[in-house]
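Data first, discussion second: the structure below is written as structure tokens.
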Amino acid sequence: MKKRWGFMTMRLLFQVLFLTAMAFLILHSTNQLAISRASSPRRETRLRNEVSNQSTESRLDDWLLVGLLSTEFDEQSCVSRYQSMLYRKPSPYNPSPYLVSKLRSYEALHKRCGPNSPLFKKSVEQLRTNHSTDQLDCNYVIWTPLGGLGNRMLTLASTFLYAILTNRVLLVNNATDFANLFCEPFPGSSWVLPLNFPVRNLDSYDASSEKSYGYLLKYKLISEDLRAQSIMLPSFVYVHLESSYIWDMYDQFFFCDDSQLVLGKINWLLVKSDVYFLPGLFMLSTFDEELSLMFPSKETVFHHLGRYLFQPSNSVWKLVMQYYHSYVEKANQVVGIQIRDFPWSLISKDNRFNQIINCGLKENILPPVRDHNRKTRYLSEDQTGTEAILVISLYKDYYDRMKSYYANSTRLNRTINVYQPTHEEAQQLKNLSHNKKALAEIYLLTFSDVMVTSAWSTFGYVSYSIAGIKPWILLSSKVSKEVIDPPCRQVRTLDPCFHVPPTINCKTKRRSKANQVGPHVRQCEDVNEGVKLVD
């Protein structure tokens with residue numbers, strides 16, 4: 001009894017110390033924030049008051065995103081994890097208790113099976129035998145980067161959800177242009193695949209690789225019918241989910257329940273994709289129950305997973321803060337405009353800029369230059385001061401046009417400023433410095449009060465979904481030089497678009513779009529062929 005009482009006393013003491021320390025950290029961060037924001041009283045006072053008016057307990061809750069984030073980190077290891085909520089409006093979407101419990105369970109699994117653990121070494125030894133076994137404690141899915149930063153974040157979140165659903169450990173093939181962008185998301189272990197991993201050249205795998213699941217199915221080296229499986233399953237299989245997978249029926253079988261039964265028996269999977277394939281997991285009855293419990297609100301899947309996984313590293317957060325204090329903090333309200341010109345786009349820059357202005361004026365997002373009596377929708381009647389228009393684009397041209405449009409203009413006693421943090425002029429897919437700037441701009445966009453983003457843009461998808469803001473999307477056509485009417489449309493849900501969903505009927509094994517229908521899957525606003533999750 002004395003031992004039990006002593007244990008309970010120590011546990012209570014630990015909890016008190018933990019809460020005291022967290023309260024001190026919040027007070028310290030809030031004070032530091034107040035000092036750094038002293039030159040911009042209106043916007044900063046509003047945000048600071050939103051934090052200080054809460055109780056310590058509720059601030060702790062917001063700090064950890066209502067249980068989404070683990071308590072097993074210290075602030076200095078990842079400053080953004082503890083400060084980002086001070087710069088964004090609180091999310092109106094709370095994670096379900098079941099999702100929180102699944103994340104804690106996954107973290108325990110990752111700590112037990114992560115790189116350099118005894119169980120990881122055991123699994124690597126099993127990998128060398130070239131045959132899977134049911135006797136392993138830990139199974140893995142490896143993600144390798146492909147495409148731009150937006151694509152990478154969307155596919156990594158998709159792969160992470162797949163790992164949770166299949167009780168696998170997620171490992172990241174950490175390319176040099178991806179390293180040190182994000183804080184480690186899992187306490188007590190790393191998500192980085194060790195450099196001495198025995199399978200080499202993971203980024204070279206494609207649909208024609210002999211380890212590809214589609215290839216193995218096509219040439220009957222593996223069967224969806226486990227009862228008919230005449231050979232031992234391999235220990236390592238590549239799952240080809242690049243956008244080109246749509247041309248091969250066998251690669252698409254990944255989104256069939258029978259294939260998931262087979263893949264569930266394989267110890268090591270490699271996934272490579274450049275599309276947000278997460279909505280495809282909702283097309284599988286295998287995962288119905290778990291997904292329903294984790295995500296009662298379907299449109300918030302990436303909103304929660306993105307906020308959980310993608311905390312900018314300290315070096316990136318420093319950039320975010322530099323941009324913030326240079327461009328955002330002095331404004332009462334911020335309009336974020338993200339512009340992406342694709343090589344296939346036929347619309348001229350003149351027409352694109354006119355589309356942005358027409359969208360902004362039509363939807364009361366941008367302040368008019370001449371009509372001094374018109375109120376923008378997102379501003380309250382008593383607000384005065386500065387409005388910031390934040391232009392996020394590879395090109396300086398749009399910034400120059402926007403700045404010229406609002407040159408020497410004021411609305412009543414309001415000043416309009418136009419800013420652009422960077423203009424790299426071209427996407428540099430394998431440049432770490434470029435990716436750090438891109439990530440900083442994504443997070444800067446999430447501080448906006450309202451957003452306008454580009455159709456088809458994964459950069460835009462990530463920004464508005466993490467922010468929890470439903471933007472207006474600038475619509476585009478692949479076959480016309482003219483701007484679509486209306487020029488923009490507000491998205492119905494926060495979920496990003498799955499550009500190339502499967503076109504296979506799992507029952508008939510023939511091409512069909514039968515899998516794309518369902519109570520929570522709808523056509524995207526900006527991509528006719530794409531689908532997204534809805535409530």
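The values are calculated or read from the model by the stated rules, or taken from the named source; none is laboratory data. Fair warning: this is a prediction, and the values are worked out from it, not measured in the lab. Methodologically, a virtual Cβ is constructed for each residue, glycine included, from the backbone with ideal geometry; neighbour enumeration extends over all protein chains shown. The accessibility values were calculated without ligands, DNA or RNA, using every heavy atom of the protein model including side chains. Shrake-Rupley method; radii C 1.70, N 1.55, O 1.52, S 1.80 Å.
In table form, for the structure just shown:
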{"quantity": "Output for the range 141-198, where each listed residue is of a type in the set (Lys, Arg) and either touching a His at 6+ places or on another chain (Cβ under 7 Å) or closer than 18 Å to His110 by Cα (or both)", "calculated": "Arg168"}
{"quantity": "Among the residues listed as Tyr238, Tyr276, Tyr213, Tyr250, the single one being touching a Ser or Thr at 6+ places or on another chain (Cβ under 9 Å), modelled with pLDDT of 95 or more and open to solvent by 50 Å² or more (accessible area, probe 1.4 Å)", "calculated": "Tyr250"}
{"quantity": "Tally, over the range 467-488, of residues that are part of a strand (DSSP E or B) and in contact (Cβ under 8 Å) with a residue 60 or more places away in the chain", "calculated": "3"}
{"quantity": "Candidates Val66, Val100, Val51, Val79 - the one that is surrounded by 14 or more Cβ atoms within 10 Å (Cβ to Cβ), modelled with pLDDT under 50 and hydrophobic (A, V, I, L, M, F, W, C)", "calculated": "Val51"}
{"quantity": "Conditions (1) within 13 Å of Leu270 (Cβ to Cβ); (2) open to solvent by 70 Å² or more (accessible area, probe 1.4 Å); (3) assigned to a loop (DSSP other than H, G, I, E, B): number failed by Pro198", "calculated": "(2)"}
{"quantity": "Any hit, the range 297-311, residues being of a type in the set (Gly, Ala, Ser), touching a Cys at 6+ places or on another chain (Cβ under 9 Å), at pLDDT 95 or above and open to solvent by 10 Å² or more (accessible area, probe 1.4 Å)", "calculated": "no"}
{"quantity": "Any hit, the range 487-495, residues being open to solvent by less than 10 Å² (accessible area, probe 1.4 Å) and hydroxyl-bearing (Ser, Thr, Tyr)", "calculated": "yes"}
{"quantity": "Hits in the range 419-447 (condition: open to solvent by less than 10 Å² (accessible area, probe 1.4 Å) and in a loop (DSSP other than H, G, I, E, B))", "calculated": "Thr446, Phe447"}
{"quantity": "Where a residue in the range 99-117 is part of a loop (DSSP other than H, G, I, E, B) and its partner, wherever it lies, is among the β-branched types (Val, Ile, Thr), with Cβ under 9 Å and at least six apart", "calculated": "Gly114/Val169; Pro115/Val192"}
{"quantity": "Top-ranked residue of the range 159-181 - restricted to ones that are of a type outside the set (S, T, N, Q) and part of a helix (DSSP H, G or I), ranked as most open to solvent (accessible area, probe 1.4 Å)", "calculated": "Leu165"}
{"quantity": "Looking only at the range 517-535, and only at residues there that are crowded, with 20+ Cβ neighbours inside 10 Å and not in a loop (DSSP other than H, G, I, E, B), the one that is modelled with the lowest pLDDT", "calculated": "Val521"}
{"quantity": "Search result, residues across the range 275-319 that are part of a helix (DSSP H, G or I), more than 12 Å from Phe255 (Cβ to Cβ) and hydrophobic (A, V, I, L, M, F, W, C)", "calculated": "Leu291, Leu293, Met294, Val301, Phe302, Leu305, Leu309, Val316, Trp317, Leu319"}
{"quantity": "Residues of the range 108-124 satisfying the condition of being open to solvent by 10 Å² or more (accessible area, probe 1.4 Å), at pLDDT 95 or above and within 14 Å of Glu184 (Cβ to Cβ)", "calculated": "Lys111, Pro115"}
{"quantity": "Unique match (being modelled with pLDDT of 65 or more, crowded, with 19+ Cβ neighbours inside 10 Å and farther than 18 Å from Ser454 by Cβ) among Ala407, Ala388", "calculated": "Ala388"}
{"quantity": "Within the range 132-148, tally of residues that are touching a Ser or Thr at 6+ places or on another chain (Cβ under 8 Å) and either modelled with pLDDT of 95 or more or in a helix (DSSP H, G or I) (or both)", "calculated": "5"}
{"quantity": "Per-region count, the range 182-195, residues open to solvent by less than 30 Å² (accessible area, probe 1.4 Å) and in a loop (DSSP other than H, G, I, E, B)", "calculated": "8"}
{"quantity": "Failed condition for Thr129, given (1) open to solvent by less than 40 Å² (accessible area, probe 1.4 Å); (2) touching a residue at least 40 places away in the same chain (Cβ under 8 Å); (3) of a type outside the set (Gly, Ala, Ser)", "calculated": "(1)"}
